[in-house]
Each structure stands twice: as structure tokens, then as C-alpha cells.
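K.L.:
Mind having a look at this structure? Questions to follow.
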Amino acid sequence: MTDKQQLGGTLIFLAGFLGLLLIPVMEALNPNYSVRLDTISELGALSPTILLFGITLVTAGSLALIGALLVRKTLGSRFTGLLCISCLGQIGVGVFPSLHPFKYAPYLHISSAMLIVVFGAIVMLFFYKRFNPPFTYVSIVLGIITLAGGALMFSGLLGTGGMERVMFYPLIVWEVGLGAALMDLHPKLSLRRAKDDF
């Protein structure tokens, strides 16, 4: 394992952890906020959490982006490129929340959110062979859940906010797992034993 891989994994882990920690914190700071009815992005439009939402998304996206670039040699250019696009989407959601005053912000917001989901799901589903089991299987399952959440987004099954969480939380959890794998669980490409290793 190289120092770059370990640092990259740490940054990716922290990016996912920020989402898991601060999204519930922001929900708690808004007493009238409904997890079932309100989308995550609406946290960026409510006065107690407007700034925190933007800072959280931009910071987490930037950490994951830097981490992905640091582990490029370990995971390959295609994996890294797709992951970076998803990270840029995360930054875009933070910069352009749903009610941003900029004229084209709603379109940029939706486009950024789609980058997160589409490219994140592609990475989870098609690059699972980069890792050893059981993370390979976890990656596939989380990717399927994300796609299912997207397909059922407007079904009314769990409300708009509930289905959005079914779509996005698997991505955040996977990000934490990816960071942990890069820090300690050794992706297959990094398992090159030294000649004197028994």
C-alpha cells in the first residue's frame, strides 16, 4: 500500500462520513423539516442550514475528488474519471442549491444531482472487480438500491424525501466503504506481494 493510496482512502472515507453525520444534524436543526416529504437539497434552502449545507456538500465533494485523484494508479483511470465526475456533481449540488438566486441554478442543481447518481451507480456496479469480497458484493447491492431508488423516486412509496434517501444514502455508505478499503482492506490491484514475502 502506498502513502498516496492511504491518504486518498482517508479523504474519501471522511467525505462519506461528513454526509452521514451532517445531513441528520441539519435535519434536526429544522423542526418543520420532513424526512418523508422534503428532499435533502431543501436543507440548502432553509435559513438555519443554508450555509452548512453548502459547506458540507462542497467540502465532502472536494475531499472525495482529491482522494480519487490520489488513488488513480491503484484503481485505474476509468474508475477514477467516473468517480471524479460524481464528486464534481456533489460539489455542484452544494454550490447551486435548489433555491439559489442564479437564473439557471435549478437546472445546474438537477444536472449535478444526476451526475452523482448516474456515475456513482456506474462505478458501484461495473467496477466491483477492483476489490476483494465481500466488498465486491456490497458494491453491487448498493448500486442496485441506488438505481431502484432513482426509478421509484416519484412513486410516492416513501414520499419524495424518503425515496431520495434510498437513492443517495447507499452512495454515501459505499463511499465510506471505499475509503476503508483503500486505507486497509487492500484493493486487488494493490495486492502485489514482495519477493521475500512468504
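K.L.:
Mind listing whichever residues of the stretch 158-198 are of a type in the set (A, V, I, L, M, F, W, C) and either in contact with a Lys or Arg (Cβ under 6 Å, 6 or more places away or on another chain) or at pLDDT below 85 (or both)?
P.N.:
Filtering the stretch 158-198 for residues of a type in the set (A, V, I, L, M, F, W, C) gives 158, 163, 166-168, 171-174, 176, 178, 180-183, 185, 189, 191, 194, 198.
If the condition is that a residue be of a type in the set (A, V, I, L, M, F, W, C) and either in contact with a Lys or Arg (Cβ under 6 Å, 6 or more places away or on another chain) or at pLDDT below 85 (or both), then 185, 189, 191, 194, 198 are the ones that fit.
K.L.:
Restricting the search to the stretch 25-53, which residues are within 19 Å of residue 172 (Cα to Cα), touching a residue at least 60 places away in the same chain (Cβ under 8 Å) and among the small types (Gly, Ala, Ser)?
P.N.:
Residue satisfying the conditions is 41 alone.
K.L.:
Could you please give the count of residues in the stretch 41-84 that are of a type in the set (Phe, Trp, Tyr) and within 21 Å of residue 165 (Cα to Cα)? Walk me through how you get there before you give the answer.
P.N.:
Kept after step one, since they are of a type in the set (Phe, Trp, Tyr), are these residues of the stretch 41-84: 53, 79.
Pick out the ones that are also within 21 Å of residue 165 (Cα to Cα) and you get 53.
Within the stretch 41-84, residues that are of a type in the set (Phe, Trp, Tyr) and within 21 Å of residue 165 (Cα to Cα) number 1.
K.L.:
Just name the residue that is nearest to residue 26 (Cα to Cα) out of those in the stretch 54-71 that are free of Cβ contacts under 8 Å to residues at least 40 places away in the same chain and crowded, with 18+ Cβ neighbours inside 10 Å.
P.N.:
Ranking the candidates gives 56 first.
K.L.:
Please go through the stretch 145-157 and pick out each residue that is surrounded by fewer than 17 Cβ atoms within 10 Å (Cβ to Cβ) and farther than 17 Å from residue 124 by Cβ.
P.N.:
152, 154, 155, 156, 157
K.L.:
Looking at 46, 37, 82, can you tell me which residue is of a type in the set (A, V, I, L, M) and part of a helix (DSSP H, G or I)?
P.N.:
Working: 46 fails: part of a helix (DSSP H, G or I); 37 fails: part of a helix (DSSP H, G or I).
82 is the lone residue from the list that is of a type in the set (A, V, I, L, M) and part of a helix (DSSP H, G or I).
K.L.:
Another one. Out of 86, 112, 41, report the one residue that is surrounded by 15 or more Cβ atoms within 10 Å (Cβ to Cβ) and either touching a Phe, Trp or Tyr at 6+ places or on another chain (Cβ under 6 Å) or at pLDDT 95 or above (or both). Don't jump to the end; show me each part of the working.
P.N.:
On the way: 112 fails: either touching a Phe, Trp or Tyr at 6+ places or on another chain (Cβ under 6 Å) or at pLDDT 95 or above (or both); 41 fails: either touching a Phe, Trp or Tyr at 6+ places or on another chain (Cβ under 6 Å) or at pLDDT 95 or above (or both).
From the options 86, 112, 41, the qualifying one is 86.
The values are calculated or read from the model by the stated rules, or taken from the named source; none is laboratory data. Bear in mind that the values here come from a model prediction, so they are computed numbers and not experimental data. Virtual Cβ from ideal backbone geometry, glycine too; neighbours counted across all protein chains shown.
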